[in-house]
Amino acid sequence: MGVEQKLGNMGIVTTTLENAVNWSRTNAMWPMLFGLACCAIEMMAAQASDYDMSRFGMELMRPSPRQSDLMIVAGRVSRKMAPVLRRLYDQMPEPKWVISMGDCASCGGVFNNYAIVQGVDEVVPVDVYVAGCPPRPEALIHGVLTLFEKVKGEKFVDLAKV
Amino acid sequence: MDNTIEKIVQVLQEKAGATFEEFRGEVHVFVNADKIVDSLTFLRDEHAFSLLSVLTAVDYWPQENPRFHVIYQLTSLTQNLSLQLRVPVNANQLKMPTATGVFEVANWREREVYDMFGIEFEGHPDPRRILMAEDWIGHPLRKDFPLGYEEPQFSFNFEEIDLRKPYVKE
Amino acid sequence: MPDYQLEEVAVGPYKHLVSERAVSGETMLLNMGPQHPSTHGVLRLLLELDGETIVNCIPDIGYLHTGVEKNMEAKTYLKAEVMCDRLDYMNPLGNNLAYSMAVEKLVDLDVPPRAQALRVILVELQRIASHLVWLGAFGLDLAAMSLFLYCFREREVILDIFELVSGQRMMTTYIRPGGLWRDVPVEFESAVRHFLKIYPARIDEYEALMSKNPVLQDRIVGIGKMSAQDALSYGVTGPMLRASGVDWDLRKARPYMGYEQYEFNVPTRKEGDTYARYIVRIEEMRESLKIIEQAMNKLPMGPVNSDNRKFVPPPRSEIGTSMESLIHHFKLWTEGFPAPKASIYSAVESPRGELGVYLEGDGGPKPYRVHWRTPSFNNLSVISLITKGHLVADLIGILASVDIVLGDIDR
């Protein structure tokens with residue numbers, strides 16, 4: 001379309017800056033290692049051989065919040081752990097996204113009592129919720145791809161308003 | 001009950017004034033709080049009960065005397081025997097001697113009993129909360145502590161609970 | 001000029017646990033926080049370091065406290081079982097077995113022999129799966145990442161068997177009081193036999209990668225020694241105790257679910273260091289394979305649930321025809337079954353040690369008190385003793401060999 005049709009195969013692509021930035025953000029998003037409980041095992045299984053998350057750009061899981069863009073809250077967050085979670089979220093540099101993996105992180109899950117935060121969106125703002133107890137590795141990958149679609153739809157105008 | 005256990009229970013009855021009951025092949029011996037450390041030392045040294053498997057408590061609220069039972073389950077590896085000691089604790093006297101000198105595992109287990117029930121152990125080297133946060137008020141496993149149940153959102157009350165839920169803004 | 005007041009504030013609530021050199025500023029207090037790449041869950045370790053050497057190591061737990069014991073008091077016996085899978089999340093079938101055995105002991109319920117044999121097969125498969133995750137994490141901590149990928153490949157085969165049987169990969173709730181949820185499908189036997197055929201060669205592969213590796217031997221031989229007397233005093237059970245020379249396995253000492261019919265050894269080592277614990281767990285995987293093979297060969301036919309309809313729900317096919325089945329089903333689902341006003345303690349051997357349930361009933365349909373005697377709680381309490389004098393890099397290896405699961409510790 002446009003310039004490519006006239007010039008032929010000269011190795012030039014035209015696009016908008018937004019599309020280019022969003023495409024590069026989705027292709028190399030590094031998750032932060034935040035596995036708390038049983039969902040962490042399924043997250044590790046999603047990273048390992050059979051359901052490989054490296055093919056989506058998530059080659060390594062960075063333990064340091066300063067070097068990661070995505071926080072996958074995998075597991076139940078207790079009241080003692082909630083301040084730690086918020087502190088780690090604050091330490092991540094912009095742009096950052098949060099996937100809440102599993103039932104306990106999304107809504108408190110099986111545990112409706114004094115010790116578990118009923119939904120991690122009381123502590124950090126969540127972009128994608130993945131349901132399951134624990135969600136299959138394929139469900140987590142589906143959640144990650146949903147997040148990629150959300151990121152591809154982001155506009156610079158929204159970021160400027162913040 | 002087993003012959004060896006019967007002899008041990010008889011000795012405990014003479015030395016510590018203990019009573020006992022049996023259920024499904026298990027022997028539960030009731031000992032008073034002031035005699036418990038001596039009983040544990042005696043069982044560990046004389047009868048080779050070298051493993052303290054369980055140290056926990058049960059709350060019998062609203063019954064005040066006794067309100068708690070502290071439970072010690074001892075296992076002997078060489079003789080393959082088990083024995084359970086129960087200590088009744090009254091509501092107005094929530095103090096007990098510590099068993100840390102006899103078994104090292106009592107260090108963490110007694111901290112857990114203090115955290116969950118509020119029973120204090122005298123002479124404990126490290127009396128802090130272990131499972132809850134340090135500034136938590138209350139002892140969760142007591143029967144008068146509420147469960148902290150949050151009302152589930154169904155479709156008929158979805159909006160009203162949604163307005164009350166403390167979502168974070170950014 | 002050194003700022004002594006700052007050290008006072010930093011040491012603060014841990015003053016009675018650290019040496020005096022921390023208060024004067026000679027040693028450093030380092031926080032290995034709840035989120036760290038090589039902790040096996042949310043464990044916080046406070047290290048008092050003199051250079052690289054650990055002077056004191058103070059664990060701080062409770063970051064995954066779920067309140068399971070209190071929550072189980074609010075549900076009936078069958079509904080409470082759902083929560084118990086999620087305690088030791090590496091071993092959910094083992095937790096189900098411990099709880100089901102406790103309920104069966106309390107209400108005096110029988111289990112038919114086919115259910116016992118199937119329970120043994122599933123629990124031993126779960127043991128292998130748990131040791132595979134331990135081995136993968138062990139390799140990952142000591143920077144042998146390829147082992148992690150191999151172990152998880154094997155684990156997928158086992159999880160496929162669990163999904164075949166119950167529909168869920170991990171939290172199955174398949175073993176229930178009175179037997180099992182339902183009988184296994186016809187493909188179960190071929191799936192298990194296929195696993196038994198491929199797996200021994202894989203264990204040899206892991207041993208070829210790790211056991212004689214000179215880097216691994218340098219890192220873990222002689223590190224983290226624990227004597228048998230210390231182990232017993234701290235209440236340590238399971239592979240950690242057997243690696244220190246004490247031959248105590250609940251499957252041999254107090255056999256349950258028909259374990260006395262199967263021939264297997266209990267691997268024991270004398271040294272008590274990290275390498276001994278590693279070897280004990282590898283050998284245990286081989287012994288589990290032997291048990292599974294014998295159980296598959298001897299698998300009897302018959303029902304998988306007890307006949308006692310007061311506790312076990314009747315099959316759906318009977319409900320349309322028999323009035324008693326309908327009433328039993330109704331009572332079990334609305335009210336639950338009552339348990340006597342007494343207490344019992346029942347223990348099984350989980351991959352980590354002695355997993356015990358102290359269950360007290362009060363005559364009603366809900367448990368009055370459920371206490372889980374979890375092995376990782378005791379196994380972790382010994383860490384402050386065995387890491388004294390080692391380097392921080394050794395601490396990683398020791399923590400990996402203790403094989404803790406934080407869901408087990410914090411409940």
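In straight-distance terms, cross-link reach from B:Lys15 covers every one of the lysines whose alpha-carbon lies under 24 Å from its own, apart from those fewer than eight places away in the same chain; here that gives B:Lys7, B:Lys35, B:Lys95. Modelled spin labels at A:Arg87 and C:Met323, positioned 7 Å past Cα toward Cβ, are 6.7 nm from each other.
The number of Lys pairs in region C:207-347 with C-alpha atoms less than 24 Å apart, excluding pairs fewer than 8 positions apart on the same chain, is 11. Applying D = kT/(6 pi eta Rh) to region C:184-340, where Rh is the Kirkwood radius over alpha-carbon pairs, T corresponds to 37 °C and eta to 0.692 mPa s, the Stokes-Einstein value obtained is 165 µm²/s. Buried surface between chains B and C: roughly 4000 Å² of accessible area, summed over both sides, computed with a 1.4 Å probe on protein heavy atoms only. For region A:114-125, putting each phi into the Karplus relation 6.51 cos²θ - 1.76 cosθ + 1.60 with θ = phi - 60° gives couplings of 5, 9, 10, 5, 7, x, 6, 6, 7, 10, 10, x Hz, in residue order, rounded to whole numbers and with x for Gly and Pro. Rounded to the nearest 5, the antiparallel percentage of DSSP beta bridges internal to region B:1-143 is 80%.
Only helices enter the 222 nm calculation for chain C: every DSSP H run of n ≥ 4 contributes -39,500 (n - 2.57), and dividing by all residues gives -15000 deg cm²/dmol, rounded to 500.
For region C:207-247, a drop of 50 Å² or more in accessible area on going from the chain alone to the assembled protein chains (1.4 Å probe) is found at C:Leu232, C:Ser233, C:Tyr234.
Under the combined filter of DSSP loop state and at most 13 neighbouring Cβ atoms within 10 Å, region C:219-286 retains these GluC sites (Glu not before Pro): C:Glu263. Interface A-C: total buried accessible area of about 3000 Å², 1.4 Å probe, protein heavy atoms only. Amide hydrogen proximity for C:Glu354: with H placed 1.01 Å from N in the peptide plane, the residues at 5 or more positions away or on another chain lying under 5 Å are C:Thr237, C:Gly238.
By how many nm would the segment from C:Asn297 to C:Arg316 grow when fully extended, if each residue of separation counts as 0.36 nm and the alpha-carbon distance is taken off?
Result for the pair: 3.8 nm of gain on full extension.
In this Cβ point-charge picture (+1 for Lys and Arg, -1 for Asp and Glu), chain A has a dipole of about 380 debye about its Cα centre. Taking amide H as placed 1.01 Å from N in the peptide plane, B:Leu77 has its amide H under 5 Å from the amide H of B:Ser50, B:Leu51, each at least 5 places away in sequence or on another chain. With R₀ set to 56 Å, the beta-carbon distance separating C:Lys270 from B:Gln10 gives a calculated FRET efficiency near 0.90.
Taking trypsin sites (Lys or Arg not before Pro) across region C:247-296, the ones in a DSSP loop with at most 13 further Cβ atoms lying within 10 angstrom of their Cβ are C:Lys270.
Within the accessible surface of region C:60-101, defined with a 1.4 Å probe on protein heavy atoms only, the carbon and sulfur portion equals 60 percent. Region B:55-96 and region C:271-329 have Cα centres separated by 33 Å.
Size of the dipole of the protein assembly as shown about the Cα centre, Lys and Arg at +1 and Asp and Glu at -1 on the beta carbon, nothing else charged, in debye to 20? Before the final figure, lay out each step's value.
On the way: 77 positive and 98 negative charges, 166 e Å.
The dipole of the protein assembly as shown has a size of about 800 debye.
Across C:Ile291, C:Ile327, C:Ile220, mean-square fluctuation computed from a Gaussian network of chain C (C-alpha pairs under 10 Å connected) peaks at C:Ile327. Phi angles across region C:70-84 convert, under the Karplus curve 6.51 cos²θ - 1.76 cosθ + 1.60 with θ = phi - 60°, into 3J(HN,Hα) values of 6, 5, 5, 6, 9, 10, 6, 4, 6, 6, 6, 5, 4, 6, 7 Hz, Gly and Pro given as x.
Remark on C:Asp362: its backbone amide H falls under 5 Å from those of C:Ala339, C:Tyr368, a criterion applied only to residues 5 or more positions apart or on other chains, H modelled at 1.01 Å from N. Normalised by residue number, the volume inside the convex hull of the Cα atoms of region C:75-205 is 107 Å³ per residue. Our coupling estimate for region B:28-35, obtained by passing each phi through the Karplus curve with A = 6.51, B = -1.76, C = 1.60 and θ = phi - 60°, is 10, 10, 9, 10, 7, 5, 6, 9 Hz, Gly and Pro reported as x. Taking all protein chains as they are arranged and a probe of 1.4 Å, the heavy atoms of C:Tyr275 leave approximately 40 Å² accessible to solvent. Its Cα gyration tensor gives the protein assembly as shown an equivalent ellipsoid, and the semi-axes of that ellipsoid, as √(5λ) in whole Å with the largest first, are 42, 33, 29. Translational diffusion of region A:1-147, estimated by Stokes-Einstein from the Kirkwood radius over alpha carbon pairs at 4 °C in a medium of 1.567 mPa s, is 79 µm² per second. Largest GNM mean-square fluctuation among B:Ile119, B:Ile130, B:Ile36, using chain B with Cα springs under 10 Å: B:Ile130.
For region C:43-86 versus region C:331-398, the inter-centroid distance based on Cα atoms is 11 Å. Using only Cα positions of chain C, each an equal point scatterer, no hydration layer, compute I(q)/I(0) via Debye at q = 0.06, 0.08 Å⁻¹ and quote the log10 values to two decimals. Treating every Cα as an identical point scatterer, log10 I(q)/I(0) equals -0.27, -0.48.
The values are calculated or read from the model by the stated rules, or taken from the named source; none is laboratory data. Because the structure is predicted, anything quoted here is derived from the model rather than measured. No Cβ is skipped: glycine too gets one built from the backbone with ideal geometry, and neighbour counts run over all protein chains shown. These accessible areas exclude ligands, DNA and RNA; they are computed on the full protein's heavy atoms, side chains included. Shrake-Rupley method; radii C 1.70, N 1.55, O 1.52, S 1.80 Å.
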